[in-house]
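Engineer: Before I ask anything, let me first share the structure, which is written out below as structure tokens.
The values are calculated or read from the model by the stated rules, or taken from the named source; none is laboratory data. Just so it is clear, the model here is predicted, and its values are computed rather than measured. Note that we place each Cβ from the backbone using ideal geometry, even for glycine, and neighbour counts take in every protein chain shown.
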Amino acid sequence: MSVLRPLDKQPGLNTATILLVGTEDALLQQLADSMVKEDCASELRVHLARSLPLPSSVNRPRIDLIVFVINLHSKYSLRNVEESLHHVDATFFLHHCTALCTHGFFAAGRESHCSIHRNTIMKLAHTYRSPLFFCDLEIESFRATMAQRLVRVLQICAGHVPGVSALNLLSLLRSSEAPAPEDQ
């Protein structure tokens with residue numbers, strides 16, 4: 001069983017690598033395409049995976065940020081992410097891992113049609129101390145905004161933004177979140 005570790009490889013010179021993990025191949029590809037279009041001072045590499053662990057035979061670069069994409073209409077998507085989380089070293093969760101929930105969360109009244117309740121996702125993110133984003137990736141303007149945000153987070157996680165560390169970023173993102181579900 002292969003476990004992803006944040007510092008198991010040397011960083012590439014002026015390179016930032018993100019791994020998008022999720023069951024929605026078409027949406028992941030669209031998000032990846034949107035990210036590549038963003039203006040980035042670093043060489044941006046986007047890798048897609050349906051689940052973890054990654055094949056150990058592949059020569060891959062160091063991964064600076066992992067984004068787990070969860071479809072709120074699919075319990076399989078959540079189960080896939082939960083199983084994939086077991087293949088990620090705990091140190092990734094300090095500042096190199098986030099979750100992104102997608103599919104109709106913003107539309108009025110559509111939350112009741114979701115297979116996964118928002119509190120379930122919030123508890124998962126709180127358990128792993130990871131930031132949580134919500135975005136309907138099917139809407140191009142939302143996808144472009146999320147791509148821009150993820151590229152910025154990636155640059156910080158890769159250490160390419162002077163004066164800002166990934167740990168500082170995590171603190172900023174967590175302080176802007178609502179309290180943990182069990183605290184409410």
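Engineer: Of the conditions (1) under 15 Å from L4 (Cβ atoms); (2) at pLDDT 90 or above; (3) not hydrophobic (A, V, I, L, M, F, W, C), R62 fails just one. Which one is it?
Structural biologist: Evaluating R62 over (1) under 15 Å from L4 (Cβ atoms); (2) at pLDDT 90 or above; (3) not hydrophobic (A, V, I, L, M, F, W, C) leaves (2) as the failure.
Engineer: Of all residues in region 1-33, count the ones that are closer than 27 Å to E83 by Cα, at pLDDT 85 or above and polar (S, T, N, Q).
Structural biologist: 4
Engineer: Among (1) surrounded by 16 or more Cβ atoms within 10 Å (Cβ to Cβ); (2) out of contact with any strand residue (DSSP E or B) (no Cβ under 6 Å at 6 or more places or on another chain), there is one condition L72 misses while meeting the rest; what is its number?
Structural biologist: Failing condition for L72: (2).
Engineer: All but one of (1) touching a Leu at 6+ places or on another chain (Cβ under 9 Å); (2) assigned to a loop (DSSP other than H, G, I, E, B); (3) not hydroxyl-bearing (S, T, Y) hold for G163; state the number of the condition that does not hold.
Structural biologist: Just one mismatch for G163, condition (1).
Engineer: Of a type outside the set (F, W, Y), surrounded by 13 or more Cβ atoms within 10 Å (Cβ to Cβ) and modelled with pLDDT under 90: which single residue out of L170, L132, L124 fits that description?
Structural biologist: Being of a type outside the set (F, W, Y), surrounded by 13 or more Cβ atoms within 10 Å (Cβ to Cβ) and modelled with pLDDT under 90 holds for just one of L170, L132, L124, which is L170.
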